[in-house]
Amino acid sequence: MKIADRKQCTGCGACADICPATCISMEPSDEGFFFPYVDSSHCTDCGLCGKTCPILNPPEKRFPRNAFAAWALDASVRTTSSSGGLYSVLGEHILENGGVISGCRFDADLVLKHELCDQPGGTVLFRGSKYVQCFPDGIYRKIKQELKRNKSVLFTGTPCQVAGLLNFLGHPYDNLVTCDLVCHGVPSQKIFRSYLERHHLSPDPGRNVIAFRDLKGWGDYYVRILEGDNLQWRSDDATNEFIRAFLSGYCSNEACYDCPYARMERTGDLTLADFWGLGKEIPFSGDPSQGCTLILVNTEKGEKALHSIQDKLFLEERTPEEARQGNGQLRKPIPRQPMRDVFYQMDWDTIARKINYRKASPLRKLLRACKRKLLDTLERNKNK
Ligand SMILES: Cc1cc2nc3c(=O)[nH]c(=O)nc-3n(C[C@H](O)[C@H](O)[C@H](O)COP(=O)(O)OP(=O)(O)OC[C@H]3O[C@@H](n4cnc5c(N)ncnc54)[C@H](O)[C@@H]3O)c2cc1C
């Protein structure tokens, strides 16, 4: 038995699902990240876990054929999604045609898990990015069962999870469409729950939606607790410690800092992300202020899937290069910050003090903009 070590393991869970002796379980570490634990007394040394691991045996990655800026024409979908609502439009199309979609949502104990749904309208259950590691919960086995029943399946997840699924399945299925998300890295669920406790929040996932984005201004990241359309709590600049720690790369799973999937070559049929940097160099015809998804089309299957929903979208072709320029995690993993060494040992008061919100002065903003421009120019010259 050979599985990726803790520093490399993304916790995708494919090894646990493939194990014929069911002796691998996904358990939380002290920091709260899910890792495989092997009961070696039952291990038959078949080696399937290592063969299935997307870190030890990465599946084929493909450079995008085209890139699009897009959003759902249905404004209620667009403004409740993380970027432009592409996942929901595609997911509903699959459901309306008798297929099955995967997605993740918090259960009653506030554990974020992958699930399947076959009911039209079901995308609302999974809509929105949750910026924590998702517990796989046997999803790859469940998907294989659906594929064998000839159901069309849409799987959406981080690129390591898509890679885990492809390795688990072992061969292509015509009835499977995969969407990988451009991924910044994942904090643990434990640290997120402790953040909620710090602010005396105990959302009930049966009634409440926990959202990590606020599309009133696309690009804003805040934790929000909603009941129906009513906002019950929203972090502000002073209480946004979790988001700041996530975005600064202080609390990701160790494997995320060396992620082999943070690059242009992709695992999914489609890639979904925020279209950062849109229109910076080449003018853009639409108004992205209510959310805009970057779609990278990586395979013929992805092309067909996009074609099947185009009448429900605002869609404008852009270039993969524009996408790459604007989105850091299409170029490299987020850098590991020295504070990561001690982050999970610190209490929230100390964390909040260390990453305290300071409004940038105009001079600081100007220096930052110059630095960004300089780095962009260097990067572009490097790739000439
Ligand atoms: C942990 C994480 C990090 C991300 N980092 C970046 C980034 O650095 N740059 C960027 O441009 N985009 C990033 N994204 C993607 C972005 O937030 C949007 O999800 C994407 O643009 C699609 O938006 P949408 O409006 O089409 O769909 P949405 O409605 O946002 O649908 C999201 C889909 O993602 C799934 N999902 C949500 N949370 C998770 C999770 N924790 N693990 C696995 N699947 C999940 C949902 O089940 C659903 O299927 C990240 C997403 C996640 C989950």
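Taken together, the values in this text are just the output of simple stated rules run on the coordinates, not laboratory data. Note that the structure is predicted; figures quoted are calculated from it, not measured. Neighbour counts are summed over all protein chains in view; Cβ atoms, including those assigned to glycine, are modelled from backbone coordinates with ideal geometry.
How are the alpha carbon pair distances in the range 100-161 distributed across 5 Å bins from zero to the largest one, expressed in percent?
4, 18, 31, 25, 16, 5, 1
How do Trp348, Trp71 line up, fewest other C-beta atoms within 10 Å first?
With the fewest neighbours first, Trp348, Trp71 line up as Trp348, Trp71.
Restricting to DSSP loop positions (anything but H, G, I, E, B) with no more than 13 other Cβ atoms inside 10 Å of their own Cβ, which trypsin sites (Lys or Arg not before Pro) remain in the range 222-288?
Loop-located and lightly packed - Lys280.
Taking the Cβ of each residue in Cys292, Cys23, Cys134 as the centre, tally the other Cβ atoms inside 10 Å and list the residues starting with the fewest.
By the 10 Å Cβ count, ascending, the order reads Cys23, Cys134, Cys292.
Could you give the spread of the C-alpha atoms of the range 174-256 along their three principal axes, from largest to smallest, in whole angstroms?
That works out to 44, 31, 26 Å along the principal axes.
Using amide H atoms built 1.01 Å from N in the peptide plane, name the residues 5+ places from Asp274, or on other chains, whose amide H lies under 5 Å from its own.
The answer is Leu294.
At 222 nm, what value in deg cm²/dmol follows for the chain if DSSP H runs of at least 4 each add -39500 (n - 2.57) and the sum is divided by all its residues, to the nearest 500?
Value at 222 nm, helices only, nearest 500: -8500 deg cm²/dmol.
With only alpha-carbon atoms counted, please give the Rg and Dmax of the range 57-136, in Å.
Taking only Cα atoms of the range 57-136, I get Rg and Dmax of 14.3, 41 Å.
Expressed in whole Å with the largest first, what are the equivalent ellipsoid semi-axes of the range 1-123 derived from the C-alpha gyration tensor as the square root of 5 times each eigenvalue?
34, 18, 15
How do 77-88, 362-373, 57-68, 196-207 rank on mean C-beta neighbours within 10 Å, highest first?
In decreasing order of mean packing, 77-88, 362-373, 57-68, 196-207 become 77-88, 57-68, 196-207, 362-373.
What dipole magnitude, in Debye to the nearest 20, does the chain give about its Cα centre under +1 on Lys/Arg Cβ and -1 on Asp/Glu Cβ?
In debye, rounded to 20, the chain gives about 1300.
How large is ³J(HN,Hα) for each residue in the range 341-352, as worked out from phi by the Karplus curve 6.51 cos²θ - 1.76 cosθ + 1.60 (θ = phi - 60°), to whole Hz, x for Gly and Pro?
Couplings: 3, 10, 3, 6, 9, 8, 8, 5, 4, 5, 4, 4 Hz.
Shape call for the range 66-330 from the C-alpha gyration tensor, a ≥ b ≥ c root eigenvalues: rounded (a/c under 1.5), prolate (a/b greater than b/c) or oblate?
Verdict is rounded for the range 66-330.
Quick one: what are the phi-derived ³J(HN,Hα) couplings along the range 29-37, Karplus 6.51/-1.76/1.60 with θ = phi - 60°, whole Hz, x for glycine and proline?
Karplus values, whole Hz, x for Gly and Pro: 7, 4, 6, x, 7, 7, 10, x, 10.
So who's got an amide H within less than 5 Å of the one on Leu112, skipping anything under 5 residues away but keeping other chains? H placed 1.01 Å off N, in plane.
Result for Leu112 returns Asp107, Phe135.
What is the Cα centroid distance between the range 150-228 and the range 270-293, reported in whole angstrom?
21
Towards the positive end of the charge dipole of the chain, with charges on Cβ (+1 Lys, Arg; -1 Asp, Glu), say which of Cys259, Ser25, Gln161 has the farthest Cα.
Checking the options against the dipole of the chain, the answer is Cys259.
With 10 angstrom as the radius, rank Leu95, Leu226 by how many other C-beta atoms surround their C-beta, starting from the fewest.
Leu226, Leu95
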